[in-house]
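Read the structure below first, then the notes.
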Amino acid sequence: MEGFYSPDPVFRMAARQFELLADHLEIPQQFRQRLIQPKRAVTVSLPLERDDGRVEVFHGYRVQHHLSIGPTKGGTRFSPVLTIGESAALAVWMSWKCALVGLPYGGAKGGVSVDPNLLSPGELEKLARRYMQEMIPFVGPRTDIMGPDMGTNAQVMAWFMDTYSMHAGHAVPEIVTGKPVSIGGVSGRRESTGRGAVFLIERALDHLKIKPSGCTAVVQGFGNVGSVVACGLAYKSGMKVTGISDHTVCLYDPAGFDVAAADRHVTQHRTLKDFPQGERIPADDFLTLPCDILVPAAIERVIHASNASRLRCRILAEAANGPTTPEADEILDKRWDEVFVIPDILCNAGGVIVSYFEWVQDLQNFFWTDIEMTDRLFRILDAAFSATIKRSKERRVSTRTAAMAIGVERVLTAKRDRGLFP
Ligand code: NAD
């Protein structure tokens with residue numbers, strides 16, 4: 001499926017997944033381009049005066065995939081390898097995810113091609129504000145709502161909200177989610193993606209009739225998502241977390257990590273680099289460690305044709321977006337009775353669900369209790385899990401195909417019902 005974004009390998013992966021699904025659902029050709037090609041994309045140049053006086057120009061992107069059922073919603077990533085094609089792929093996955101869990105959003109994604117670790121706090125603030133300033137004509141609480149993603153956090157969201165609000169002349173908290181509670185954020189948003197993933201892992205274990213206590217888990221990535229998953233599996237589910245990693249190091253300890261100590265270490269030192277527990281192992285061996293639960297919670301395409309047959313887990317819980325390539329899926333489909341996959345659009349949906357709660361509360365200026373939010377989050381995830389399992393069994397397809405099919409069909413129905421504007 002050729003198009004503007006096709007040169008990008010991550011977008012090609014999203015398009016390939018969609019093409020396979022469209023064949024499975026027998027979607028007419030006339031709808032395929034309309035469904036996969038993003039509606040809008042913006043590229044901006046962001047000049048930044050560094051602390052030493054040099055002016056450097058960074059590139060920022062925002063891709064809005066579809067606006068058929070409401071505004072778009074999606075994270076903002078600050079990463080040195082971010083491209084417009086990767087943003088487009090992440091926006092597409094976000095659309096299927098929102099539709100799967102029944103949120104009235106299309107998907108969006110974007111960010112800045114920059115390594116935030118190489119910026120001073122002042123430089124980061126200037127770049128974040130400049131990015132939002134450039135995006136003001138294209139985003140809005142009814143058009144496109146941003147949230148955090150890799151390399152951004154509640155503070156960055158606060159700067160976005162402030163920049164947008166200064167332009168509007170009044171506070172507009174509903175322009176972003178994942179912001180501090182003091183300006184209309186909700187408590188537990190940072191933890192929501194990880195908590196949702198832990199809930200679904202427990203749900204999958206229950207489905208497979210396996211008791212969580214005594215299970216082992218290996219978690220790739222120790223950021224917003226990975227650290228919360230690791231702590232949840234250790235302290236809530238009673239598992240032994242035997243592998244933890246980030247972009248600097250992969251660590252293995254069959255006795256189980258003190259993940260709270262690892263969390264404190266990362267809060268203090270930013271990475272796991274000098275964390276004193278466990279054996280350092282090569283990155284290539286990390287995902288194939290023996291475990292009950294394997295949780296990729298970092299970047300895309302880490303499970304591919306060369307390692308999919310060597311995974312030694314019972315459950316693959318995809319907390320990251322797009323961790324598994326279509327080639328690996330083909331292999332995992334054949335291993336369906338060995339490896340149970342909780343696909344990304346389901347596994348990490350907790351984040352966007354709680355973001356949706358935050359947006360709804362900001363629009364209404366009416367705030368719910370933490371218990372109401374947690375209860376609603378788990379109900380939505382539970383329903384989406386059950387619907388995925390039901391469809392997977394009935395149609396004899398993988399859990400990924402089942403979850404994507406539910407999402408894509410909902411978007412297709414909306415587009416069909418609205419018709420084609422002349
Ligand atoms: P983050 O920036 O907080 O953390 C990313 C982690 O991955 C860091 O520990 C980093 O060191 C590690 N990492 C980066 N490259 C790596 C590599 N090559 N090998 C091993 N580890 C590597 O990001 P996050 O918010 O935790 O996001 C992680 C994943 O979860 C992304 O795919 C993101 O799109 C997805 N996600 C996040 C949210 C959210 O609410 N934050 C919601 C849905 C999905």
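Observations on the structure shown:
- The set of residues from region 298-350 being in contact (Cβ under 8 Å) with a residue 40 or more places away in the chain, over 21 Å from residue 9 (Cβ atoms) and more than 10 Å from the ligand (Cβ to nearest atom) comprises 313, 314, 315, 317, 333, 336, 340, 341, 342, 346.
- Search result, residues across region 72-114 that are among the hydroxyl-bearing types (Ser, Thr, Tyr) and assigned to a loop (DSSP other than H, G, I, E, B): 83, 105
- Restricting region 1-18 to residues that are under 24 Å from the mean Cα position of the chain (by Cα) and open to solvent by 40 Å² or more (accessible area, probe 1.4 Å) leaves a set whose member that is nearest to residue 413 (Cα to Cα) is 16.
- Qualifying positions in region 138-178 - away from the ligand (no atom under 13 Å from the Cβ) and in a loop (DSSP other than H, G, I, E, B): 138, 139, 141, 142, 143, 169, 170, 171, 172
- Counting the residues of region 30-43 that are open to solvent by 50 Å² or more (accessible area, probe 1.4 Å) and part of a loop (DSSP other than H, G, I, E, B) gives 1.
- Residue list for region 183-197, restricted to those being within 13 Å of the ligand (Cβ to nearest atom) and part of a helix (DSSP H, G or I): 189, 190, 191, 192, 193, 194, 195, 196, 197
- Unmet requirement for residue 396, which otherwise passes all of (1) within 16 Å of the ligand (Cβ to nearest atom); (2) within 23 Å of residue 21 (Cβ to Cβ); (3) open to solvent by 10 Å² or more (accessible area, probe 1.4 Å): (1)
- Exactly one residue out of 69, 27 is in contact with a strand residue (DSSP E or B) (Cβ under 7 Å, 6 or more places away or on another chain) and not in a strand (DSSP E or B), and it is 69.
- Filter pass, residue 240 being more than 12 Å from the ligand (Cβ to nearest atom) and surrounded by fewer than 23 Cβ atoms within 10 Å (Cβ to Cβ): yes
- Of the residues making up region 198-228, those that are within 9 Å of the ligand (Cβ to nearest atom) and touching a residue at least 40 places away in the same chain (Cβ under 8 Å) number 7.
- Every residue from region 236-289 that is among the hydroxyl-bearing types (Ser, Thr, Tyr), closer than 14 Å to residue 226 by Cβ and assigned to a loop (DSSP other than H, G, I, E, B): 248, 271
- Whichever residue in region 197-211 is over 20 Å from the mean Cα position of the chain (by Cα) and open to solvent by less than 50 Å² (accessible area, probe 1.4 Å) and, among such residues, is farthest from residue 320 (Cα to Cα): 208
- For residue 248, the test of being open to solvent by 20 Å² or more (accessible area, probe 1.4 Å), under 24 Å from the mean Cα position of the chain (by Cα), closer than 27 Å to residue 306 by Cα and in contact (Cβ under 8 Å) with a residue 12 or more places away in the chain is passed.
- For the residues 288, 271, 242, 216, the requirement of being farther than 22 Å from residue 339 by Cβ and of a type in the set (S, T, N, Q) singles out 271.
- Checking each residue in region 250-272 for being closer than 22 Å to residue 302 by Cβ, out of contact with any helix residue (DSSP H, G or I) (no Cβ under 9 Å at 6 or more places or on another chain) and within 14 Å of the ligand (Cβ to nearest atom) picks out no residue at all.
- The set of residues from region 168-191 being polar (S, T, N, Q) and open to solvent by less than 20 Å² (accessible area, probe 1.4 Å) comprises just one member, 177.
- Applying the criterion of at least 1 residues that are over 27 Å from residue 292 (Cβ atoms) and at pLDDT 95 or above to the helices (runs of 4 or more DSSP H) found wholly in region 325-412 leaves 350-364, 370-395.
- Out of 298, 305, 317, one residue alone is over 25 Å from residue 349 (Cα atoms), of a type in the set (A, V, I, L, M) and at pLDDT 95 or above. It is 305.
- Screening residue 337 on (1) in contact with a strand residue (DSSP E or B) (Cβ under 9 Å, 6 or more places away or on another chain); (2) in the same structural domain as residue 204 (by TED's automatic domain parsing) shows it passes everything except condition (1).
- Failed condition for residue 281, given (1) surrounded by fewer than 20 Cβ atoms within 10 Å (Cβ to Cβ); (2) away from the ligand (no atom under 13 Å from the Cβ): (2)
The values are calculated or read from the model by the stated rules, or taken from the named source; none is laboratory data. Because the structure is predicted, anything quoted here is derived from the model rather than measured. Backbone-built Cβ (ideal geometry, glycine too); neighbour counts: all protein chains shown. Just the protein is used for accessible areas: all its heavy atoms, side chains included, with ligands, DNA and RNA removed. Shrake-Rupley method; radii C 1.70, N 1.55, O 1.52, S 1.80 Å.
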